[in-house]
Each structure stands twice: as C-alpha cells, then as structure tokens.
Amino acid sequence: MSSEHELHIDSLVLHAPGDGDQRFGDVVVPIHLTTTFRQDAPGHPPVYDYSRGGNPTRQVLEDHIALLEGGVAGYAFGSGMAAITAVLSLFEPGDEILVPNNIYGGTYRVLERYFKRYGLGYAFVDVSSPTAVAAAFSPATKALLFETPTNPLLSIADIAALSAVAHAHGALVIVDNTFLTPYLQRPLALGADIVVHSATKYLGGHSDVLAGLVVTGDRDLAQRIHFIQYSTGGVLPPFDSYLLQRGIKTLGLRVERQSASAATLAPWLAVHKGVEQVFYPGLAGHPGSEVHTRQASGGGGLIAFTLEKGLDIRAFLKALRLITLAESLGAVESLICHPATMTHASIPAPLR
C-alpha cells in the first residue's frame, strides 16, 4: 500500500491519522468528553493532562487537517475568527500586516477594533498584483494575510508569487483557504507559511458546528501557535471536533458536487437579463482565472453577482424559494448573502 502522502485526496479525507480506537475497534474516533486525565505521578501525565492543552478527539482532527494541508501540525479553535485571532497574536505592537482591499468583514473588524488597540497595524493592498504588494512593504511589515479567492468578489491572488515577495522581505504568508479547502487548493505547497480555515463552512459542511483551524509547515511556528492555543484557551470542544471530523469524511463528494453546480449556474447567470456581472473563478474571462487554474483544481462552490441597476434587491431575495438568506457558505444548503449589509457591514461605507 502507498504511504499516506502518496494517497489521493479522496482517500486522505476519509482516513484520518489515529482515527478509530485501538482498544475496542471503533472505526470512528470516540468522543472523549473528559476535561482532565489521570496521572500516575505528579507532573507526569501519560499523554494528556487537561483538555485545554490536548484532547484525543481534537488531536485526531488536528492531525487530519495537518495531513490534508501538507503541514507539520494543525490546531482547532472555537471559530474561524478565533483561529485568525490566534494567528494575529503571533505579532508584536508596532508590527504591520498587509491585507486585501476586499478583505472579509470579520477579519477587518478584529484588526480595526481589537488588535489596533494593542499596536498592531494593517494596510490594504491589491493582492491580485504582486507588484503592488511588493511596493506596499515597509520595515514594519511582518506578514501578508490574504484569501484566494477573496471574500466576497472572488478575486484571485497568486500564492506562489506573493509568497516569494513576502519572504524576500522576511515576512510570513498567511492564507485563508476557507473557500476552496485543501481538496481544491493547498497553499503550503505553494509557499505559504500558515493556512487558516473557517471550518464552519465546507469542512464541517452541515451548518451544525462552529470551528476554526490553523495549519503550519514550520515547527517553530507550530510551537508558538500551540502556546497561544493552550494559554488563551479558545479550543474546539470534543463533540464539535467529532462533528467536524465526520464532516471532513464527505468533503470530496460535497465539494465536487457543489463545484459542478456552481459551474452550471455561473454561465446561466452571466447571460441573465437581470444580472449585471458575475464573479466566479471557473468562468471564462474571470480576472485571475489563469492563476487560479494553475494553483487550484476547481472553481469552488461560491458565486458572486450583481443585479442590474434599478432592480430591488429585497424583492429579489424575498422571491427566492430554494435558497435561504443567511450568513455562511459551504454547507449542504444553498444560501445567499448580501455582503454590504451582512457579512461586510462593519467595513466603512466608502471602502465597501
């Protein structure tokens, strides 16, 4: 049998490292609800001592996402924003982070209203242009954080090119891989240092678990992230870890079907008389589609579009029958969101 690193992604999503139970033969990981573990002698726990520092159910999930992303370690948090917050906690007062000029609203909010109070700065940059990113670096810049495709306009960033630029300036590269997951895109293999996920979305896939994941390919960074996770305590509980692990097992089937549906719907919308513009990486003519095709293996299951001017957005949303108005994405339901008044409402109006 091939080694785990030679297995196809469809096999990797099904077979987590350490999945099941060796004592009783469970084929799925048991849910270890315990908060503490018996020790044979003071200060000498066998493997675990307290669930904030480590839990067997969470460990299977963390090892699994590390395997899927090709990293050395993974860490599970209580939400995607908890994962982002942990990563941003790596930096010091006076440091600066470069972020996309169409950044996710939650990431903007935590930078502007939380980390800014403690001296961590940020600057907007067009991540679709490596040249613009290179020009934006200053001596204070310590990291480049971006999504590709971005949220919500699905613009594309060249992970390999931006990683080369950032590393030339001694900065870290942090990629939010929520929209494509490791099933379609693996940023660490393209040069990124850290990958983050809102695992609430495609990885969980059923709108029933809130979770965030962080993966790194660097052992020093892994130790630092683990310390932040352990000391701040925003860990994912055992039952949620089990739910997320269960969701990952069907990731391949869901993403394939969702991507196929989006690839069918996007060109239909593009010629619809009520639609002004469609944004979808798998659509011919989408800006950055050549880069996207090179670094990802599919267009994903998310489509953005604008209605023709003069159409009533509220009337349009109320007329939908199979699609639910709600914030989120990536689960088995079809959802629709109006970012300007929902997910990105915290971004100042001129920037919106």
Subject >> Inter-residue pairs, beta-carbon under 8 Å, first free of Cβ contacts under 8 Å to residues at least 12 places away in the same chain and in segment 297-318, second of a type in the set (Asp, Glu) and assigned to a strand (DSSP E or B), 6+ apart >> reply: none
**OP:** Would you please name the residue that is farthest from the chain's Cα centre (by Cα), looking only at residues in segment 166-191 that are open to solvent by 30 Å² or more (accessible area, probe 1.4 Å), under 17 Å from residue 138 (Cβ atoms) and among the aliphatic types (A, V, I, L, M)?
**Re:** 168
Subject >> Selection within segment 124-151 - under 22 Å from the mean Cα position of the chain (by Cα) and open to solvent by 30 Å² or more (accessible area, probe 1.4 Å) >> reply: 124, 126, 128, 129, 130, 142
Original post:
Hey, any hits in segment 50-58 for a residue that's open to solvent by 50 Å² or more (accessible area, probe 1.4 Å), touching a Phe, Trp or Tyr at 6+ places or on another chain (Cβ under 9 Å), more than 22 Å from residue 172 (Cα to Cα) and of a type in the set (Phe, Trp, Tyr)?
Top reply: yes
Subject >> Cross-chain or 6+ apart pairs with Cβ under 6 Å, segment 13-37 first and more than 24 Å from residue 253 (Cβ to Cβ), then polar (S, T, N, Q) and surrounded by 14 or more Cβ atoms within 10 Å (Cβ to Cβ) >> reply: 32/55; 32/57; 35/51
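The values are calculated or read from the model by the stated rules, or taken from the named source; none is laboratory data. This structure is a prediction, so every number in the text was calculated from the model and none was measured. Cβ sites come from the backbone with ideal geometry, for glycine too, and all protein chains shown count toward neighbours. Accessible surface is based on the protein model in full, side chains and every heavy atom, while ligands, DNA and RNA are left aside. Shrake-Rupley method; radii C 1.70, N 1.55, O 1.52, S 1.80 Å.
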